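The structure appears below as structure tokens.
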Amino acid sequence: MIETLLVANRGEIACRVFRTCRELGIATVAVYSDADADALHVREADAAVRLPGSAPAETYLRGDLIVKAALAAGADAVHPGYGFLSENADFARAVMDAGLVWIGPPPQAIEAMASKTRAKQLMGIAPLAEDAITEAELPVLVKAAAGGGGRGMRVVRQLDELKSELVAARAEALSAFGDGEVFVEPYVENGRHVEVQILADAHGAVWALGTRDCSLQRRHQKVIEEAPAPGLDDELRSALAEMAVRAARATDYRGAGTVEFLIADGTAHFLEMNTRLQVEHPVTEAVFGIDLVALQIRVAEGEPLPAEQPTAQGHAVEARLYAEDPARGWAPQTGTLHRLALPADSGVRLDTGFTDGDAIGVHYDAMLAKVVAWAPTRAEAVRKLAGALERARVHGPVTNRELLVRSLRHPEFREARMDTGFYDRRLPGLTTTGDGTETAALAAALADAAARRDAGSVTGRIGGWRNLPSQPQTKRYMAVADGTEHEVSYRTTHTGTEAVDLPGVRVADATPDAVHLEVDGVRRAFEVSRYGDRIHVDTATAAYTLTEAPRFPDPTAQLEPGSLLAPMPGTVVRVADGLATGARVTAGQPLVWLEAMKMEHRISAPAAGTLTALHAVPGLQVEVGALLAVVQEDETS
């Protein structure tokens, strides 16, 4: 029996495994990099061991240090989570050679399937030869042989881009998984990403636990997942289950794994088998009423799976909440997560590796949390999840929360007509700034006035009221979402406070953290929270983030036209070959590559012109807004 378990991972998945361990009475051990010294998974574990190293992004790839940590802490088992070393056969062997229990499949099964190239060969599928690809075979997909999560993946539509994308994919895969091997395969446009959860024990039982649809993706990373996959006929479901079980039996599999397919024109194309627990496993747990981590531990202890396989009931949908800006190329965001809370009565599941006040850094994935809703029907589950996200309090960096809500309510998703090209088609409409920001800005101004009044200032105590008519109180705010400036005015009279230039809006009452306005006769509540220069205004159906505009803008803060700024903190990993001051560049030409949160981000020329300045050099650490280069646009006649 396992008594103490070390999780060779961090963040949300470590916290999730710890939760099951506590329920089973198993003691827990965390490992952490210097960047994670104060992380939630460290605080939740019974014991924690620091992994030495100066490169936080690589620390969790040091299997030798993790094995030493497990032995030092007295652990007798290791759970790899997902990502990092979870599909590394050498690490699995090292754990077992140290006399520890490995919570995962046998190393030979990992070797057979964790490398996507070998997995395809096992399934009778040959990757494309890199040096023999022709225009006729485009588009193609460059893909990391190890790991997953969209890292090391590139769609290539132009043959002259293949070489550079292979280089970028190898670099990203090496950084994320410690293995730079990539391969090339045909890219199937706009299919559906469907997968089958499997679970196998050492006594011959192999379960196929239904399907999941993971078609809503950005940059080849899943955003919204659900179980079961909607709209599949019984014949196709049975075929997918049979293929998944066949793959498991072919490798003498043990534990949890996932077999992934792309469905196009009613045909299933094998993608890969992930020999680990998937990020989206909670939707399967919700539908089957099981704990996959507990079953992983049971199998690792040599116990058989229960005699009867569970049956599915209802529908579950999961949304991944990311610290990123979808409207700006999915740029990851950093800063302090001041508050993350779902409505107390939402009845949905929150899996996260963060708590209020935690810092979101640049070294790891941008996912803040997974939010999961279950209901008897798909329509009810989708509505439940959208409502919980809409009423959540997410205060801190920009997130994809609004995108998630709009995606869940989009007709294509509601009617299960989505595919992997959903965001390619729909992103502009899903990220359009909504109305109501001026009303939210008014609420912020009124809350600020109430705070000054409660602070005891003379002006605050009399509320700005005068015996004679006077100029209204005016404040200016900038919406963080799109940079739009909003000016709002209000006037205090003997009958109360009234809005100026906002027809149909009447002030009911205001306190420093809550304002009630009547908008066209309907009373609405606005919750106002301040953190430094950021103001978060939440209503029952919308959320706004504002900053107070300076009264006297800095006249020296103007940037030179054509300035290319770092969209996020990160490290310059590459500069285009031969790029130097004075070089001619074309519109859209990649100039600089930044690495942030384990992903590469390409900075391209905004227009054709001349490079007049280049400040980026490989290895340079930059903050958001740092000047990387300047392109002087060609004059047009």
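Overview of values
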item	result
So Arg151, is it charged (D, E, K, R), in contact with a helix residue (DSSP H, G or I) (Cβ under 8 Å, 6 or more places away or on another chain), modelled with pLDDT under 90 and not in a loop (DSSP other than H, G, I, E, B)	no
Every residue from the range 1-32 that is of a type outside the set (Val, Ile, Thr) and over 26 Å from the mean Cα position of the chain (by Cα)	Met1, Glu3, Leu5, Arg22, Glu23, Leu24, Gly25, Ala27
Matching entry among Ala45, Ala114 (being at pLDDT below 95 and of a type outside the set (S, T, N, Q))	Ala114
Any helices (runs of 4 or more DSSP H) falling wholly within the range 394-444 and containing at least 2 residues that are of a type outside the set (Asp, Glu) and touching a strand residue (DSSP E or B) at 6+ places or on another chain (Cβ under 6 Å)	401-408, 422-430
In the range 207-238, residue farthest from the chain's Cα centre (by Cα) [restricted to those that are of a type in the set (Gly, Ala, Ser) and either surrounded by fewer than 21 Cβ atoms within 10 Å (Cβ to Cβ) or assigned to a strand (DSSP E or B) (or both)]	Ser238
Exclusive hit being modelled with pLDDT under 90 and not assigned by TED's automatic domain parsing to the domain that holds Arg151, set Arg254, Arg219, Arg246, Arg192	Arg219
Listing of strands (runs of 3 or more DSSP E) fully contained in the range 272-375 that carry 3 or more residues being touching a residue at least 40 places away in the same chain (Cβ under 8 Å) and either of a type outside the set (Val, Ile, Thr) or in contact with a Pro (Cβ under 7 Å, 6 or more places away or on another chain) (or both)	315-322, 339-341, 367-375
Strands (runs of 3 or more DSSP E) wholly inside the range 572-636 that include at least 1 residues being among the basic types (Lys, Arg)	599-604
Condition broken by His395, with the remaining ones in (1) at pLDDT below 95; (2) within 30 Å of Asp345 (Cα to Cα); (3) in contact with a Lys or Arg (Cβ under 6 Å, 6 or more places away or on another chain); (4) not polar (S, T, N, Q) satisfied	(1)
Exclusive hit being in a strand (DSSP E or B), buried (at least 18 other Cβ atoms within 10 Å of the Cβ) and of a type outside the set (Val, Ile, Thr), set Ala168, Ala256, Ala241	Ala256
Positions within the range 109-130 being β-branched (Val, Ile, Thr), in a helix (DSSP H, G or I) and over 22 Å from Asn9 (Cα atoms), in sequence order	Thr117
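The values are calculated or read from the model by the stated rules, or taken from the named source; none is laboratory data. This one's a predicted model, so the numbers in the text were calculated from it and none came from an experiment. Cβ coordinates were reconstructed from backbone atoms using ideal geometry, including for glycine residues, and neighbour counts include every protein chain displayed.
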